[in-house]
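Okay, so here's the structure we're looking at.
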Amino acid sequence: MGEERFGEFVLVRRHEEGFVAELVLDRPKAMNAVSTEMARSVAAACASLGGEEGVRVVVVTSTHERAFCVGADLKERNSFSDAELLRQRPVARGAYTGVLELPVPTIAAVHGFALGGGFELALACDLIVADRTAVVGLPEVSVGVIPGGGGTQLLPRRVGAARASELIFTARRVEAEEARRLGLVDQLVEAGEDRAEALSLAARIAANSPVGLRAAKRALRLGQGLDLRAGLEVEDAAWRAVAFSGDRAEGVAAFNERRAPRWPPAV
């Protein structure tokens, strides 16, 4: 298992022959509060992972025992002038869009607090595995701002406009059982099992066609918000991108020969 550090607060580990990458939030002294430096590091790690053809799945995890991420570093923000806050905005956005725009399936492994920008990092992933200690929410309006890491757009896509409005307007925190019931997280596991389950799920996903996974994610993401006819055109374009690939030939051959596929190396 190889490791690479991006700045002081972000670590990337590679599992399953490099097919699964773990993006680790590693600022334990601040419960992974996203400072300017940490935001830059998340964005840099995502840019690196997005360019690695061999990576098939990315899992976002935390080294803190009681938190996935508590959101923006409000102590740092409190020291900013208005001009400094404005200059910092593109840096902060870069962390969230970096995760959101990864071209491969992504899974967040959540335990403890995932609040504000921390929950938005999880929402930027395709799937969220949470353990029973998880507490999630978007409390930004309680401190005079709004969710600015994608929350106002990603949460309604998960749970619908009315439910998202209630959660954002009340700024309330939601514990694990209710979060699963409302669809804020996708899978609920016992305390301390979120990372292991997310990595296990990632390994199952990574066994599939790397070309197919990227194309399926592209179709899913680009089709959101489109009417059915337009969405089917997005799907057709993605199908055409994989239908004549080496992965398709190998996948069909493996099925007919009743063996596990041996996917061609990425080029």
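The values are calculated or read from the model by the stated rules, or taken from the named source; none is laboratory data. Keep in mind that this is a model prediction, so the values were computed, not measured. All Cβ positions, glycine included, derive from the backbone under ideal geometry; neighbour counts span all protein chains shown. For accessibility, only protein heavy atoms count, side chains too; no ligands or nucleic acids. Shrake-Rupley method; radii C 1.70, N 1.55, O 1.52, S 1.80 Å.
Some observations on this one:
- Residue count, segment 197-225 (criterion: without any contact (Cβ under 8 Å) to a residue 60 or more places away in the chain and among the β-branched types (Val, Ile, Thr)): 1
- In segment 254-267, the residues that are of a type in the set (A, V, I, L, M, F, W, C) and over 15 Å from residue 208 (Cβ atoms): 267
- Here the strands (runs of 3 or more DSSP E) wholly within segment 19-133 that include at least 1 residues being crowded, with 22+ Cβ neighbours inside 10 Å and of a type in the set (Asp, Glu) are 20-25, 127-131.
- Within segment 165-204, being among the β-branched types (Val, Ile, Thr), open to solvent by 30 Å² or more (accessible area, probe 1.4 Å) and either within 14 Å of residue 68 (Cβ to Cβ) or in contact with a Lys or Arg (Cβ under 8 Å, 6 or more places away or on another chain) (or both) holds for no residue.
- Applying the condition of being open to solvent by 40 Å² or more (accessible area, probe 1.4 Å) and not basic (Lys, Arg) to segment 3-17 and asking which residue is modelled with the lowest pLDDT yields 16.
- All positions within segment 200-213 that are assigned to a helix (DSSP H, G or I) and within 15 Å of residue 126 (Cβ to Cβ): 201, 202, 204, 205, 206, 212, 213
- Looking across segment 134-151 at every residue that is aliphatic (A, V, I, L, M) and not in a helix (DSSP H, G or I), the one that is most open to solvent (accessible area, probe 1.4 Å) is identified as 146.
- Scan of segment 216-225 for residues that are open to solvent by 60 Å² or more (accessible area, probe 1.4 Å) and either touching a His at 6+ places or on another chain (Cβ under 6 Å) or of a type in the set (A, V, I, L, M) (or both), ordered by number: 220, 222
- Verdict on residue 168 being over 14 Å from residue 132 (Cα atoms), at pLDDT 95 or above and under 18 Å from the mean Cα position of the chain (by Cα): no
- Positions within segment 238-264 being free of Cβ contacts under 8 Å to residues at least 12 places away in the same chain and either assigned to a helix (DSSP H, G or I) or open to solvent by 80 Å² or more (accessible area, probe 1.4 Å) (or both), in sequence order: 240, 243, 244, 249, 252, 253, 254, 255, 256, 257, 258
- Restricted to segment 18-42, and to residues there that are in contact with a Gly (Cβ under 6 Å, 6 or more places away or on another chain) and among the small types (Gly, Ala, Ser), the residue that is modelled with the highest pLDDT is 41.
- Lone unmet requirement of (1) part of a helix (DSSP H, G or I); (2) within 28 Å of residue 167 (Cβ to Cβ) for residue 188: (1)
- Residue 228 being exposed (fewer than 12 other Cβ atoms within 10 Å of the Cβ), free of Cβ contacts under 8 Å to residues at least 12 places away in the same chain, within 27 Å of the chain's Cα centre (by Cα) and over 19 Å from residue 55 (Cβ atoms): yes
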